[in-house]
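All remarks here apply to the structure that follows.
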Ligand SMILES: *Cc1c(COP(=O)(O)O)cnc(C)c1O
């Protein structure tokens, strides 16, 4: 029992903070959206600095138009059957369009979590590594949606958790096992990234399978919005799967896995046996319309322009506020405060002054390392961003 997770322990440790957030009206905030800001019924307005849509595409008119057009087309319905048997032409075409744009085989799921839930146990079984069960290594900071599959994976093969970005540990494991599968985030939601250069190097030497969730950098980073990890692997090799949420910077809905173009065996196995991918429905007609719309935007200069604005905003922030992530082109910054109580007070003060910035505390970060997670956005006005930076610095003087 509790070999891979301990939910009650997590609740006991984290619930005080969540309750405090609720008591301070910093959770369950109900809003409407208008012109770049959020509005509550009581008239309070604020910038959303916890948005994972770093280029603001969730409000793109082009995406919305394509969504409406797709929905109104009577040929498109949500087919109430496993897509393994019957697939809508719309779904088929959207997967094809994604595959062409991302130069790989794109497999769509209803969410990134659903893809991981299906694919990770399949990797654990050995089905994707010539029927040899790999030692499965999860980075300790892997996203919740992957960690939650550990018990299922652990029933198929040996599962271990490695220290964050511990490449020596990984290489030792590669030396001592026929196959190793390494599970990690590309860009981590708490800042930083996986050492992709090293991973590619290890893959050349050993039987190392990579499953990397790069939800936080798709669209927001890199040429054509290919994201962080992809910039190290132009052609996705046979031993790699990259997975993404399409709800984040991509500005649509659903999840996408990218697989090597010629590995038809693995593609078939995933389509047939990766849990929710086979049995559940594809993204809805509305989601598929948004994906088409987002691809439309991706084919224009818009992504480049918004990425540039994001970089300018990051540079401005870095020139005013000290963080360990200073200088990175990935959009997350962690402002260390330390004490949880002070962190909550700072977060409340920022909210009252027009910025929702999330307070992060244990178990999201280590004990005593509580702080603010600032998620930069290309669309925030520079004047308002400066105001946010001053507010943060004033609060740090008061509470740190
Ligand atoms: C948000 C997030 C997810 C969840 O994505 P869904 O598409 O909503 O399931 C998965 N992985 C990471 C790294 C995330 O940040």
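I want to verify a result. In a Gaussian network model of the chain, Cα cutoff 10 Å, which of these has the top mean-square fluctuation: 327, 255, 56? It is 327.
Peptides 176-182, 202-208, 362-368, 344-350, ordered by how many other C-beta atoms sit within 10 Å of their residues on average, highest first, read 344-350, 176-182, 202-208, 362-368. Each DSSP beta bridge with both residues in segment 61-298 is either parallel or antiparallel, and the antiparallel ones are about 40%. Contact order, relative form, for the chain: 23 percent (alpha carbon pairs under 8 Å, 6 or more residues apart, mean separation divided by residue count). Coordinate range of the alpha-carbon atoms in segment 61-298 per principal axis, descending: 57, 35, 30 Å.
With the helix formula -39500 (n - 2.57) applied to DSSP H stretches of n ≥ 4, the chain reaches a computed 222 nm mean residue ellipticity of -12500 deg cm²/dmol. Taking the inverse of the mean reciprocal distance over all distinct Cα pairs, the Kirkwood hydrodynamic radius of segment 102-206 comes to 14.3 Å.
So, R0 is 41 Å and r is the distance between the beta-carbons of residue 238 and residue 381; what FRET efficiency does that work out to, to 0.05? With R0 = 41 Å, the Cβ-Cβ based efficiency is 0.35. Please work out the C-alpha center-to-center distance from segment 311-365 to segment 146-175 and express it in whole Å. When both Cα centres are located, 30 Å separates them. Looking at the chain only, what percent of DSSP beta bridges run antiparallel? Nearest 5 please. About 55 percent, rounded to the nearest 5. Each listed q (0.10, 0.20, 0.24 Å⁻¹) maps to a log10 I(q)/I(0) for segment 256-367, found by the Debye formula over equal Cα scatterers with no solvent: -0.61, -1.06, -1.26. Residue exposure proxy: 360, 50, 374, ordered by other Cβ atoms within 10 angstrom of their Cβ from fewest to most, comes out as 50, 360, 374. Residue order for 116, 82, fewest other beta carbons within 10 angstrom first, comes to 82, 116.
Put in order of Cβ neighbour count within 10 Å, fewest first, the listed residues 44, 216, 143 become 44, 143, 216. Spacing of the modelled spin labels on residue 19 and residue 367, each 7 Å from Cα toward Cβ, amounts to 1.9 nm.
With N the number of residues in the chain, Rg(Cα) / (2.2 N^0.38 Å) evaluates to 1.00.
FYI, it's all coordinate maths here, none of it is from the lab. Keep in mind it's a predicted model, so treat the numbers as computed, not measured. Note that we place each Cβ from the backbone using ideal geometry, even for glycine, and neighbour counts take in every protein chain shown.
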